[in-house]
Amino acid sequence: MSEVTFSIPITGTIRIQGNSLVIKINESAITMKLDMADEVGGKLKLERGKTLFDIVLDTARSWVAESGTSQFTAAQLYHTALDRFPELNLKRNSWGAHVIACAPDHPSYKNYTSKRNYFTYMGNGRYRLSVPVFPGASSG
């Protein structure tokens, strides 16, 4: 006995209705219940009145205080923020953009509409805080 492999092209529709997935081919339909978490991916969820800029600044302040070094990269801050705020849905590209938007002397700062003056860009992807490490502390 020998086998022959073949394929039959089938056209149908897939539709999501509430928490069910409906696959319809010709007159036949299969419905599967989707068991999804309350939120899959989605937007960043922060407490009321807090922005991603606040998270970036808080993370930078804690990095400087804990590491004892005044310089950091956006990647170092990102990984620190992931550890500190695991419940947030932080995206790497958004994080990097927010760090750049906090450094007025970064060449790409001019491309951002929402700007902050939290960091000094040192070159080669390195930044330094230009605000006090502890809120209320003098910068002099």
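Tabulated values for the structure
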{"quantity": "Single match in 103, 60, 97 (criterion: outside any helix (DSSP H, G or I) and within 20 Å of residue 124 (Cα to Cα))", "calculated": "103"}
{"quantity": "Close pairs (6 angstrom Cβ cut-off, 6 or more residues apart or separate chains): part of a strand (DSSP E or B) and surrounded by 10 or more Cβ atoms within 10 Å (Cβ to Cβ) in segment 30-53, polar (S, T, N, Q) and modelled with pLDDT of 70 or more anywhere", "calculated": "31/20"}
{"quantity": "Residues of segment 71-86 classified as part of a loop (DSSP other than H, G, I, E, B) and without any contact (Cβ under 8 Å) to a residue 24 or more places away in the chain, total", "calculated": "1"}
{"quantity": "Where residue 24 falls short, out of the listed (1) surrounded by fewer than 10 Cβ atoms within 10 Å (Cβ to Cβ); (2) part of a strand (DSSP E or B)", "calculated": "(1)"}
{"quantity": "Condition met for residue 133 (assigned to a loop (DSSP other than H, G, I, E, B), at pLDDT below 90 and touching a Lys or Arg at 6+ places or on another chain (Cβ under 7 Å))", "calculated": "yes"}
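The values are calculated or read from the model by the stated rules, or taken from the named source; none is laboratory data. A quick note: this is a predicted structure, and the numbers were derived from the prediction, not measured. We place every Cβ from the backbone using ideal geometry, glycine too, and count neighbours over all the protein chains shown.
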